[in-house]
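All of the numbers you see were taken from the coordinates with simple rules; none came from a lab. Quick caveat, the model's predicted, so the values are computed rather than measured. Cβ placement follows ideal geometry from the backbone for every residue including glycine, while neighbour counts extend to all protein chains displayed.
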Amino acid sequence: MAERHAENLQGRKADKLEYSDDDCGLASTVKRHLEIYFSAHEDGLPSEGLYDRILCEVERPLIELSLAATRGNQIQAARLLGVNRNTLRKKIRQLKIPVKRTRS
C-alpha cells in the first residue's frame with residue numbers, strides 16, 4: 001500500500017490527493033489512534049478537555065515541520081499554514097517551540 005501511495009504522490013500535489021477508506025490517509029490514521037485512546041479508558045470516555053489536548057498534540061508537530069520546511073522562516077511558515085504570522089508566533093511561544101533560522 002505504501003508503494004501505491006508513493007506512486008500517487010508522483011506528479012500530483014499532496015493537497016489534491018483523494019483517499020479512499022482503505023488508504024492510510026491522515027484522517028484514518030488519526031481515527032485509529034483515537035479509537036485506541038478511547039478504548040484505553042474506563043467507560044470509553046477520556047477526561048474532559050479532549051478537544052484542546054488533541055489539537056495541541058497535532059499542532060505542535062505541524063508547526064515544527066512547517067518551520068523546518070521553511071528553514072525557520074516564520075513568515076513563510078505562516079503562509080504555508082494559512083495563518084497570520086502573529087498567530088504563528090503566539091503558538092510558537094505557547095507551545096515553547098525552539099526556532100532556529102538556517103540558511104539554504
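Summary table below
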{"item": "Least to most buried among Arg85, Arg101 (fewest other Cβ within 10 Å first)", "result": "Arg101, Arg85"}
{"item": "³J(HN,Hα) computed for each position of the stretch 42-58 - Karplus, 6.51 cos²θ - 1.76 cosθ + 1.60, integer Hz, glycine/proline x", "result": "4, 6, x, 10, x, 5, 4, x, 4, 4, 5, 5, 5, 4, 5, 5, 8"}
{"item": "Residues Ser39, Ser66, sorted so that the one with the fewest Cβ neighbours within 10 Å comes first", "result": "Ser39, Ser66"}
{"item": "Convex hull projection area averaged over all views, the stretch 49-104, Cα basis, nm²", "result": "3.7"}
